[in-house]
Every structure is written in structure tokens, then in C-alpha cells.
Amino acid sequence: MQRWIIHIDMDAFFAAVEQRDNPELRGRPVIIGGTGARGVVSTASYEARKFGVHSAMPSIEARRRCPQGIFLPPNHEKYSKVSQQILNIFTGFSPLVEPLSLDEAFLDVTGMEGIYPDPVDIAVRIKERIKTELGLTASAGVAPNKFLAKLASDMRKPDGLMVIKPGQVAQVLADVPVTKLWGVGKATARTLETLGLKTIGQVAKADPEMLARYCGQLGHTLHHLANGEDDRPVVPEWQPKSIGKETTFADNLYSLEELNTELWALVEKVGWRLRRQGLSGRTITVKVRFASFRTITRSRTVPVAVNMDQTIYRTAEEILANIALNEGVRLLGVTVSGLATSGGQISLFDQDDEKLMAVSRAVDNLKERFGEETVTRGRVLVSRQRH
């Protein structure tokens with residue numbers, strides 16, 4: 001039986017939701033994130049992209065390229081609700097749905113011929129329902145595997161539909177840049193270029209042993225992908241690999257006391273999101289970016305999975321204390337990874353402190369009812385006032 005995978009990718013999702021909800025923003029360059037002078041762009045509408053604005057761009061550069069841009073802070077709660085509505089549409093077409101993020105997912109529609117004429121018809125219907133019911137557009141890729149489907153969905157954005165059939169793989173991939181191969185970053189791209197390999201078609205024809213010699217085990221993977229081979233299944237039981245939060249400061253911070261206050265603010269958000277999703281994690285990572293843009297990350301793995309703010313903070317605080325602050329800090333982040341489903345509040349240091357856990361549950365209940373910003377620690381208010 002021929003395997004068919006559909007990849008759906010929402011078009012400029014965050015910006016599109018804001019334009020949908022506010023008619024005055026339609027047709028205008030909307031930029032989500034980067035509201036501060038030292039912020040970073042999260043999503044740019046297609047009107048903004050015409051000026052060269054893209055995600056991960058520093059806001060100061062985005063403002064230079066698009067001075068008429070409308071900068072808005074992200075509303076993750078709203079985007080999450082819309083994402084769930086999109087997911088509900090997906091599950092109406094296949095039980096095998098693997099979300100990758102809020103705005104994209106894989107669907108395995110193999111064997112659905114008895115219900116729909118062909119997999120392309122399913123993709124068309126999904127796009128139509130998203131547009132009719134939610135007022136948004138999505139791009140779709142239909143192909144025999146996940147790699148090809150994701151590649152296809154990006155080829156005709158926005159509001160596009162691209163199909164790659166088994167007999168078309170070599171022709172479609174021939175002139176596609178190697179940077180479109182999963183796992184190829186700047187360093188690997190440079191390595192491949194020194195070998196004279198600039199397109200996926202060239203990688204497909206290269207000696208796999210030679211690729212492995214220069215790229216390690218990744219070389220064999222790249223050769224398989226370049227030939228359109230990818231047997232990874234669509235996994236419906238999806239959960240994030242990590243949950244983190246970072247912030248860029250309007251002014252550089254120099255003292256450990258100030259950074260610890262900001263660390264609390266970040267940990268509160270990470271802990272709340274972990275508990276809300278019923279997750280705990282064993283590895284805590286602190287990220288520091290200095291004024292010179294030098295960036296370092298330090299991690300520590302604890303013996304028991306954690307999700308309580310106090311526990312995460314104690315470990316993160318110890319990590320931060322061992323980082324030499326030789327210059328001002330422009331960005332601070334904290335991430336919890338090594339995630340697993342949690343049965344409740346878990347604490348490495350306070351496992352017997354039922355009172356602490358009861359307080360945490362009460363605070364979580366208030367946040368669930370009235371919003372994440374309803375309850376916070378006094379020291380975190382200092383952080384909010386600073387921002």
C-alpha cells in the first residue's frame with residue numbers, strides 16, 4: 001500500500017490571527033514580537049516580509065527595514081486556543097496526527113481511499129475548512145513521507161498546495177538547496193559546499209561513504225533524505241521535548257541580584273506551563289547572552305523529575321552563580337527538558353512539604369481561572385515594572 005503523509009503549515013500564523021481579529025490590521029505589515037528595542041521578531045505577516053522582515057530577526061533591524069510596521073506583543077493564550085481548533089479539524093480526517101508546534105502538523109492518511117478519492121482531496125478539504133471555519137489560510141504538502149511532505153508545504157506559500165508523487169522525487173529535489181535538508185545548518189552547508197554539493201540532487205548522487213567521512217553519521221541520513229527516503233512514522237502521542245522562556249532586557253543587567261529576580265520571573269512561567277501540561281523534567285538549562293552577543297548555556301540534570309517553581313529556581317540559581325559575569329547581560333533564559341508525564345507536583349528538595357505543594361496547587365487554580373498574571377511573587381513585580 002502506498003504511504004501518504006500530509007504536512008499542514010499555517011501561513012504567518014500569529015500575525016494572521018491578529019489580522020483576522022482586527023480588520024484595521026488587514027493588508028498592513030504586522031510584526032509579532034520584537035516590541036522592545038532589543039526584542040526579536042516571532043512572526044511577520046506577508047506584507048512585512050516584502051520588506052525583508054523574518055522571524056528571529058532583531059527588532060531594531062525589523063524597524064529599520066519596515067518603519068511602517070505594526071509591532072504587537074504575542075498573545076500565546078489566544079494562539080493556543082486557535083491551534084486547538086485547527087487540531088480538531090485535523091482529527092476529523094485522520095486519527096494519526098502529529099503536531100510539531102502550534103501552527104503545523106503531520107497527518108498520516110494512508111489507506112483512506114475508501115472515504116476520500118485521494119490524499120490530495122483530503123488536503124484540499126482541510127484547507128477549505130480552516131479558511132471557512134477559522135478565517136485563516138494554510139499551506140499543505142502531500143507526499144509519501146514526512147520529509148517530502150514538509151518540504152512540499154513550503155514550496156508554494158502562502159495558501160499553497162504541493163504534491164510530490166513517488167516518481168517525481170528526483171525531479172522535484174534536483175535543484176533544491178542543501179539547506180532544505182533536515183539537519184543541515186550553516187556549518188554542514190559549508191562542509192557540503194566544499195565538496196561541491198550545493199543542491200539536494202547533487203547530495204543524492206554523492207557517495208554515501210564520502211558524506212559520512214565528512215559529516216559523520218549525519219552523512220548517511222542526508223543521503224537517504226536526498227533520495228526521498230524517510231521511514232519515520234507519524235506519532236500522534238506528541239509532547240514537547242522542552243519548555244522554556246527567555247527575555248531580552250531593555251538595558252543590560254550587571255548584578256547577580258538583578259539577574260536572580262529575572263530568573264524568578266522566568267521560572268514562574270516555565271513551572272506553570274509544565275504543571276498545566278502535566279509534565280516534569282530532569283534537565284534544567286540556563287542561557288545567558290552578554291552585551292557582546294556572546295552566548296553560553298549551562299545545564300544540570302537532577303535525579304528526580306521536577307516541576308515546582310522553587311525547585312527549578314534553586315537549581316537554575318546555582319547554575320547562574322557559576323557563570324562569570326564579566327560584562328553586561330542582555331538576555332536570560334531558562335529551559336526544562338528531559339520531560340515525562342507527571343502525576344502531580346514533584347519537588348527534589350521538598351518532597352515532604354505538603355503545605356508548599358498545597359500553596360502551589362492553589363496558585364495554579366487561580367491562574368487557571370483568572371489568567372497567568374493573576375498571582376505572582378513580590379520580587380517578580382520588580383521584573384514586570386522593569387519591562
Report summary line: Just one listed residue, out of V302, V286, is in a strand (DSSP E or B), under 23 Å from G36 (Cβ atoms) and either under 20 Å from the mean Cα position of the chain (by Cα) or touching a residue at least 12 places away in the same chain (Cβ under 8 Å) (or both), and it is V286
Requested in this report: Filter segment 1-34 down to the residues that are under 18 Å from K50 (Cα atoms) and of a type in the set (D, E, K, R), then identify the one that is surrounded by the fewest Cβ atoms within 10 Å (Cβ to Cβ).
Outcome: R26
Report task. Report those strands (runs of 3 or more DSSP E) wholly inside segment 60-111 carrying at least 1 residues which are out of contact with any Asp or Glu (no Cβ under 9 Å at 6 or more places or on another chain) and either polar (S, T, N, Q) or within 15 Å of R129 (Cα to Cα) (or both). Result -> 97-101
Requested in this report: Return the total of residues in segment 134-162 being surrounded by fewer than 20 Cβ atoms within 10 Å (Cβ to Cβ) and not basic (K, R).
Outcome: 9
Query raised in the report: Restricting attention to segment 178-233, which residues are over 24 Å from the mean Cα position of the chain (by Cα) and aliphatic (A, V, I, L, M)?
Result: L192, L195, L197, I200, V203, A204, A206, M210, L211, A212, A226
Requested in this report: Select, from F51, F71, F93, the only residue that is more than 22 Å from the chain's Cα centre (by Cα), surrounded by 14 or more Cβ atoms within 10 Å (Cβ to Cβ) and farther than 24 Å from L161 by Cα.
Outcome: F51
Query - So S299, is it surrounded by fewer than 23 Cβ atoms within 10 Å (Cβ to Cβ), modelled with pLDDT of 95 or more and of a type in the set (G, A, S) - result: yes
Query raised in the report: Would you pick out the residues in segment 252-296 that are farther than 14 Å from Q310 by Cα and either outside the structural domain of E318 (by TED's automatic domain parsing) or among the β-branched types (V, I, T) (or both)?
Result: T283, T285, V286, V288, T295, I296
Query raised in the report: Scanning segment 248-264 for residues that are of a type in the set (S, T, Y) and either at pLDDT below 90 or assigned to a loop (DSSP other than H, G, I, E, B) (or both), which turns out nearest to T91 (Cα to Cα)?
Result: T248
Query raised in the report: Residues in segment 23-38: is at least one within 30 Å of P236 (Cβ to Cβ) and at pLDDT 95 or above?
Result: yes
Query - Residues that are in contact (Cβ under 8 Å) with a residue 24 or more places away in the chain, surrounded by fewer than 16 Cβ atoms within 10 Å (Cβ to Cβ) and closer than 20 Å to M210 by Cα, drawn from segment 164-195 - result: A174, W182, G183
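Residues are listed down the side, and each one gets a yes or a no for (1) surrounded by fewer than 18 Cβ atoms within 10 Å (Cβ to Cβ); (2) touching a residue at least 60 places away in the same chain (Cβ under 8 Å):
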position	(1), (2)
A212	yes, no
L222	no, no
G228	no, yes
F249	no, yes
Query raised in the report: Is there a residue being over 17 Å from V234 (Cα atoms), modelled with pLDDT under 95 and hydrophobic (A, V, I, L, M, F, W, C) anywhere in segment 102-118?
Result: yes
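The values are calculated or read from the model by the stated rules, or taken from the named source; none is laboratory data. Remember, predicted model here, so these are calculated numbers, not experimental data. Ideal geometry is used to build each Cβ from the backbone, glycine not excepted, and the neighbour counts take in all protein chains shown.
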